[in-house]
Amino acid sequence: MNVATILKEKGREVLTALPDASLLEVAKLLSTHRVGCVVIADEAGKVVGIASERDIVRAIGTDGIGALEQPITTCMTADVVSCQEADTIEQLMSEMTAHRFRHMPVVEKGKLNGLVSIGDVVKMRIAEAEMEAAAMREYIATG
């Protein structure tokens, strides 16, 4: 299974914010939509960063409540690791584990096509394992 399979199941909608959005604006987006991260994209739609709940909490912990007025670019991750639709679940698990993050934008030809979370990856991997187990049981029962 690959990223395209995950996106087919969950959809391609991605919550985004512009780089000049404040931490408070992004925090409100996260709260309203009940998600863990927002992709930061410029007006042309190019991914320039990703901001998570943890990024915002760290900024407030360091700079106090005044951090909420700062642009999100002050605390977002600017060096974004992305994936492509053809990437396998194993590749995603490896990247997410190696870099210790939970969300990965899906980018094709410079365009944001979706967002995959570690929860999506685990759900798909479990479904894959269940299909393999069912196929093995069927093989044993008919063999």
Residue count, region 8-43 (criterion: farther than 18 Å from residue 114 by Cβ and among the small types (Gly, Ala, Ser)): 4
Residue that is farthest from the chain's Cα centre (by Cα) [pool: residues in region 30-50 that are crowded, with 16+ Cβ neighbours inside 10 Å and more than 15 Å from residue 77 (Cα to Cα)]: 30
Of residues in region 91-131 being among the acidic types (Asp, Glu) and modelled with pLDDT under 90, the one nearest to residue 42 (Cα to Cα): 128
Residues of region 71-92 satisfying the condition of being within 12 Å of the chain's Cα centre (by Cα) and either surrounded by fewer than 16 Cβ atoms within 10 Å (Cβ to Cβ) or free of Cβ contacts under 8 Å to residues at least 24 places away in the same chain (or both): 81
Residues of region 94-125 that turn out to be within 8 Å of the chain's Cα centre (by Cα) and in a helix (DSSP H, G or I), as a count: 1
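The values are calculated or read from the model by the stated rules, or taken from the named source; none is laboratory data. The structure presented is a predicted model; accordingly, all values stated were derived computationally and were not measured. Positions of Cβ are generated from backbone atoms using ideal geometry, with glycine treated the same way; all protein chains shown enter the neighbour counts.
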